[in-house]
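Trainee: Let me give you the structure first, and then I'll get to my questions.
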Amino acid sequence: MNLQSDITTLKGVGEKSAALFRKLHIETLKDLLFYFPRDYETFEEPVYISDAHAGNVCAVRGLVIGTPLVKQVRSLKILTVTVRDATGTMQLTFFNMPFLKNTLKSGQMYLFRGMVQEKYHRSQNAEGEKPAIGTPALVMEQPKIYKEEEYKSLMSFIQPRYSLTKGITNQAVAKAVKQVLSLCPMPKELLPETLLKEEELMGYAEALCAIHFPESREQLIAARKRLVFNEFFFFILMLRDSKAAAEQEKNHASMIETAETGRFLEALPYRLTKAQTKVIEEITADMTGEYVMSRLVQGDVGSGKTIVAIFALLLCVSNGYQGAMMAPTEVLARQHYESIRELTEKYHLPFKPVLLTGSQTAAAKKEAYAALADGSANLVLGTHAVIQEKVVFQKLALVITDEQHRFGVRQRENLKDKGNHPHVLVMSATPIPRTLAIILYGDLHISIIDELPSGRMPIKNCVVGPNWRPKAYDFIAKEVHAGRQVYCICPMVEEGETDGLENVIDYTEKLKAALPASVQTAYLHGKMRPADKNRIMETFAAGQIDVLVSTTVIEVGINVPNATVMLVENAERFGLAQLHQLRGRVGRGSHQSYCIFVSTNDSKETKERLEILNRSNDGFYIAGEDLRLRGPGDLFGIRQSGEMQFKLGDIYQDAAVLKQAADCVEAGAASFQESGLIQRYLEQVKEGTLNCIDFTTI
């Protein structure tokens, strides 16, 4: 048995279980080994109810008082029961678990564990009067019920928590991982022993074991650091190698400034910002210069990157060449296509665009292929479909990737290879501090658009506790009634992934129960089929869905100017930069927009972090503060959006490790090259024994 073996070679994993594992993209033992926990749990001693604080996950022993009550709210069955101990009472709420009415017996003691919340209940007033807000009460929603012996055994370990799908348990994944660790030979160490000692890094095989089943928090931190270092180190080493090869690439598509570009900028109904003008000058100098352009344009949401990209494309086509712009989703690609067509008609621009996406009919694709090949189309807007083998250009000279969730290095190279050393422009809405951007985008020159166009209406922000939800729902209903649309973000897809956090599927049902029946509510998450995701996003963009409940998948590729409210649940579990990216989905139209961050943790540190979002809409300031506040020991929150497609590494949380890896590469680059380290790395990637970015496929 080795890491390439099928998942069914494990004891207890038959075809039925294997089908569930495949839903998690686990087909081989290697996939399972590198299916790292998304979170960890420590089971502390149960506490008295009076010592249970809002925002914390804890266990309490409680005596059931009276009979559990079940009420039906549309399709949702809500069971409530009160428990008490010597110090106080707590209400427990269970959703779609009516069978517990017969399980939880009055007068019996049980052990419950879950997220503690503080909610205000309305007291009954005289007839005809509006109910008054009463005193706060402690509530646990959807707690787990444990037997004493079971809970005691869990207290001895740090428990890994994996992302799950319906039908598979956390215990099943952990049990399978243990088999892999005990039966399969672990990958060989690639890094020199001297480097491991100098940088105080754990061995690779030891880190792979400890990341799944750490014996202590210290061991977990050391294991994660080693695996993150691996990702950063080899990424930077490969990037350095790639940059050296392309450093002085001659410009085979030299251009001149044209009348069309000047007329276009003059005709715009608004003045460009100084930052936009500066970036346009840099792009012009690149494309008319001696060497091929390789440039990153970094700009906050709403800073006007798209018009800069359109200028570059216009300079390209007005010089007789073809351009290509690749977007991360079909919805965004289609929006770019429609926008270009409108501008072409309005300003009489020389664009002849075609759209190319995966969901198009074979006939539509064939027509686009032919137009690009014979030159009758001088611009293509599309998704990954643009880099398919069948796509051939007559005269490709400019490649733009609009990557709020960055495309892989190899994907960009594949698009470049379709032309004769074309210019490359990369657009990013992720406001990364410059010190990190220089490392991460080492193969690109960096331009920054660091100011917003004048007249843009700032988003109004507020950070609130869970007891504010009823007001938030009333506000959402009011905005929908006024014709606006709303996003609600949850950190989890479905129940059971991590206790105490809101999940998309159940939250959608809660919202349907809380909002008027006329409000159209739907959900969206990354586990859905691509066709279903596109259908939901397009329906929302068309205004046929009022409230969209989603995971962070919506931070990429959807532009709905009519959306004015963003509500983020469990906001304390996200990084500040990611919350800012999410917030960027609203505030795109002419109406006032709002962002509501709901935090279930009232600690001083959490309040300090979220207050930064409350007082600022400046992405670069927020990114800098995120870098300052997040530390290497912050392992129990949800990671950022996965910039650069790292499996574990987070550029904010692991900024120190990123710099450490960059320094190591810089210090020993020549010796690493001579020792064949890159070649050995690629061999391990090919064999499937390395947890790093696969440069051969992304």
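Trainee: For segment 240-334, build the charge dipole from Cβ charges (+1 Lys, Arg; -1 Asp, Glu) around the Cα centre, then report which of 261, 280, 299 sits farthest towards its positive end.
Mentor: Farthest towards the positive pole: 299.
Trainee: Using the Cα gyration tensor of the chain, with a ≥ b ≥ c the square roots of its eigenvalues, what is the shape: rounded (a/c below 1.5), prolate (a/b larger than b/c) or oblate (neither)?
Mentor: Taking the square roots of the gyration eigenvalues as a ≥ b ≥ c, the chain is oblate.
Trainee: In what sequence, largest accessible area first, do 25, 591 appear using a 1.4 Å probe?
Mentor: So the residues, ranked largest to smallest area, are 25, 591.
Trainee: Keeping all protein chains in the complex and leaving out DNA, RNA and ligands, what accessible area do you get for residue 460 with a 1.4 Å probe, in Å² to the nearest 10?
Mentor: Probe radius 1.4 Å; accessible area of residue 460 about 110 Å².
Trainee: Rolling a 1.4 angstrom probe over the protein chains, ignoring ligands and nucleic acids, what is the accessible area of residue 1 in square angstrom, nearest 10?
Mentor: Rounded to the nearest 10, the figure is 100 Å².
Trainee: Determine the relative contact order of the chain: mean sequence separation of Cα pairs under 8 Å and six or more apart, normalised by residue count, in whole percent.
Mentor: Value for the chain: 14 percent.
Trainee: What lysines sit close enough to residue 250 to cross-link, taking a C-alpha to C-alpha distance under 16 Å and skipping anything fewer than 8 places away on the same chain?
Mentor: In chain and number order, the partners are 416.
Trainee: Top to bottom by accessible area (1.4 Å), largest first, where do 278, 395 land?
Mentor: Working: 278 115, 395 95 Å².
The most accessible residue leads, giving 278, 395.
Trainee: Oh, and also: Rounding to the nearest 20 debye, state how big the charge dipole of the chain is about its Cα centre with +1 on each Lys and Arg Cβ and -1 on each Asp and Glu Cβ.
Mentor: 1900
Trainee: Moving on. Can you pull the accessible area of residue 35 for me, 1.4 Å probe, Å² to the nearest 10?
Mentor: Counting only protein heavy atoms, residue 35 exposes about 40 Å² to solvent.
Trainee: Run the helix sum for the chain: -39,500 (n - 2.57) per DSSP H stretch of 4+ residues, divided by residue count, reported at 222 nm to the nearest 500 deg cm²/dmol.
Mentor: Rounded to the nearest 500, it is -11500 deg cm²/dmol.
Trainee: With a 1.4 Å probe and all protein chains in place, put 110, 151 in order of accessible area, largest first.
Mentor: Descending accessible area places them as 110, 151.
Trainee: Additional query: For residue 40, which sequence-distant residues (separation of 5 or more, or a different chain) have an amide H within less than 5 Å of its own amide H, given hydrogens modelled in the peptide plane?
Mentor: Close amide H contacts, sequence-distant or interchain: 161.
Trainee: In addition: Residue-wise, which Karplus ³J(HN,Hα) couplings in Hz belong to segment 177-184, taking 6.51 cos²θ - 1.76 cosθ + 1.60, θ = phi - 60°, and x for glycine or proline?
Mentor: 4, 4, 5, 4, 5, 8, 9, 9
Trainee: Within the accessible area of segment 23-63, what % is carbon and sulfur when the probe is 1.4 Å and the other protein chains stay in place?
Mentor: Using a 1.4 Å probe with all protein chains present, segment 23-63 comes out at 46 percent carbon and sulfur.
Trainee: Counting heavy atoms of the protein chains only and a 1.4 Å probe, report the per residue accessible area for segment 190-245 as a whole number of Å². All intermediate terms of the calculation are to be shown ahead of the outcome.
Mentor: Values: 2320 Å² over 56 residues.
Heavy-atom accessible area per residue stands at 41 Å².
Trainee: For segment 442-584, what does the accessible surface come to per residue with a 1.4 Å probe? Please give it in Å².
Mentor: On the way: 5190 Å² over 143 residues.
Accessible area per residue, segment 442-584: 36 Å².
Trainee: Roughly to the nearest percent, how much of the accessible area of segment 153-199 is carbon and sulfur, given a 1.4 Å probe? It would help to have the intermediate numbers written out before the result.
Mentor: On the way: 1450 of 2620 Å².
Of the solvent-accessible surface of segment 153-199, carbon and sulfur hold 55 percent.
Trainee: What share of the DSSP beta bridges in the chain is antiparallel, in percent to the nearest 5? Walk me through the numbers on the way to the answer.
Mentor: On the way: 38 of 93 bridges.
That works out to approximately 40 percent antiparallel.
Trainee: Pairs 101/152; 390/647; 23/144; 144/607; 11/175: which are spaced more than 20 Å apart, C-alpha to C-alpha?
Mentor: 101/152; 390/647; 23/144; 144/607
The values are calculated or read from the model by the stated rules, or taken from the named source; none is laboratory data. Since the structure is predicted, the reported quantities are computational estimates derived from the model, not experimental observations. Glycine also receives a Cβ, built like all others from the backbone with ideal geometry; neighbour counts cover every protein chain displayed. Each accessible area value is taken on the protein alone, full model and side chains, heavy atoms only, with ligands, DNA and RNA left out. Shrake-Rupley method; radii C 1.70, N 1.55, O 1.52, S 1.80 Å.
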